[in-house]
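Novice: Structure provided below as structure tokens; questions to follow.
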Amino acid sequence: MSKLMPWMLLASMLFAGACGSSEEEAAPAAEPQEVATEPAVAEGDPSDEELPVPEDFEAEAEAEINAENFAEELDSLAAEIESDG
């Protein structure tokens, strides 16, 4: 195997050199396009203040979930996530 390695290296170098193209054959560079400076916002997209965050649900979760029913609540959340996906 070690006797074959130099030949494989030489063959791969020759192949790589033969595959290269000259600058004349290269395709011309595409002209730069204008880039929008502000992100597009679709109608009806919620603002940052409208998006729910974990803190919005913290008080409700503390009131409803306890040591006796946490496994049932976890299973129901997992089922809800799987049905949405």
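Novice: Scan the stretch 52-70 and report the pairs whose first residue is surrounded by 10 or more Cβ atoms within 10 Å (Cβ to Cβ) and part of a loop (DSSP other than H, G, I, E, B) and whose second residue is among the hydrophobic types (A, V, I, L, M, F, W, C) and modelled with pLDDT of 90 or more, with Cβ atoms within less than 9 Å and a gap of 6+ or a chain change.
Specialist: Here the result reads Ile65/Leu74, each pair linking the stretch 52-70 to a residue that is among the hydrophobic types (A, V, I, L, M, F, W, C) and modelled with pLDDT of 90 or more.
Novice: As an exercise: evaluate Ala71 against (1) at pLDDT 90 or above; (2) over 32 Å from the mean Cα position of the chain (by Cα); (3) not basic (Lys, Arg) and give the number of the one condition it does not meet.
Specialist: (2)
The values are calculated or read from the model by the stated rules, or taken from the named source; none is laboratory data. The shown structure was predicted, so the numbers you read here are calculated from the model rather than taken from an experiment. Cβ: placed from backbone, ideal geometry, glycine included. Neighbour counts: every protein chain shown.
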